[in-house]
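The values are calculated or read from the model by the stated rules, or taken from the named source; none is laboratory data. Keep in mind the model is a prediction, meaning the values are calculated, not measured. Ideal geometry is used to build each Cβ from the backbone, glycine not excepted, and the neighbour counts take in all protein chains shown.
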């Protein structure tokens with residue numbers, strides 16, 4: 001019985017060690033003064049009016065066009081206080097679930113929004129262009145190979161974008177159109 005318990009414990013430890021580290025990581029930041037290869041990049045997010053209430057999130061993009069799937073990754077980024085409110089407070093390491101360390105050629109977007117809730121529910125929001133990360137994701141593979149996590153810089157990296165606040169007239173026309181549809185449906 002004792003041998004059975006020891007064997008079972010060894011199997012459980014092996015399985016838990018196997019499961020750990022089976023996701024790659026990426027550095028989530030919009031400013032890096034010491035990017036790999038000695039370069040730098042700055043990708044400010046413009047029109048941040050309330051940095052304490054503005055959030056940014058990295059999304060893994062699989063597929064393309066209308067069938068593209070956006071998978072949100074955590075943690076969220078927060079913004080610096082004025083006067084540098086266009087930049088995140090610093091880099092964070094983001095786990096890319098379902099992608100092994102060393103995986104390259106992945107696509108991401110950064111979405112930013114103001115206010116509580118999510119990007120989908122916010123009225124003031126913006127989205128980056130597609131970011132292709134050519135370097136392999138960071139982490140340790142099962143074979144023991146170690147990869148340093150890449151960042152969002154590079155030739156196809158993160159570019160500046162703006163959070164767009166819809167004008168009141170746009171909101172008014174949208175509400176008027178919705179009311180007209182409801183009225184027509186009642187007839």
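For region 128-152, enumerate the residues that are surrounded by 14 or more Cβ atoms within 10 Å (Cβ to Cβ) and in a strand (DSSP E or B). Of everything in region 128-152, those that are surrounded by 14 or more Cβ atoms within 10 Å (Cβ to Cβ) and in a strand (DSSP E or B) turn out to be 131, 132, 133, 138, 139, 140, 147.
If you filter region 165-175 down to residues that are modelled with pLDDT under 80 and part of a loop (DSSP other than H, G, I, E, B), you find that the one that is farthest from residue 102 (Cα to Cα) is 167. So, in region 85-100, of the ones that are over 16 Å from the mean Cα position of the chain (by Cα) and more than 22 Å from residue 139 (Cα to Cα), which residue ends up surrounded by the fewest Cβ atoms within 10 Å (Cβ to Cβ)? Looking at the filtered set, the residue picked out is 85. Candidates are the residues of region 119-134 that are touching a residue at least 12 places away in the same chain (Cβ under 8 Å) and out of contact with any strand residue (DSSP E or B) (no Cβ under 8 Å at 6 or more places or on another chain); the one that is farthest from residue 68 (Cα to Cα) is 123.
Within region 85-99, if we keep just the residues that are in contact with a strand residue (DSSP E or B) (Cβ under 6 Å, 6 or more places away or on another chain) and assigned to a loop (DSSP other than H, G, I, E, B), the residue that is farthest from residue 58 (Cα to Cα) turns out to be 85.
Please give the number of the condition residue 103 fails out of (1) surrounded by fewer than 16 Cβ atoms within 10 Å (Cβ to Cβ); (2) farther than 25 Å from residue 163 by Cβ; (3) in contact with a strand residue (DSSP E or B) (Cβ under 8 Å, 6 or more places away or on another chain). Checking residue 103 against (1) surrounded by fewer than 16 Cβ atoms within 10 Å (Cβ to Cβ); (2) farther than 25 Å from residue 163 by Cβ; (3) in contact with a strand residue (DSSP E or B) (Cβ under 8 Å, 6 or more places away or on another chain), the one that fails is (1).
Taking region 59-84 as the region of interest, how many residues are assigned to a loop (DSSP other than H, G, I, E, B) and either under 8 Å from the mean Cα position of the chain (by Cα) or surrounded by 15 or more Cβ atoms within 10 Å (Cβ to Cβ) (or both)? Number satisfying all stated conditions: 1. Taken over region 153-164, the residue count meeting the criterion of being at pLDDT below 90 and surrounded by 14 or more Cβ atoms within 10 Å (Cβ to Cβ) is 4.
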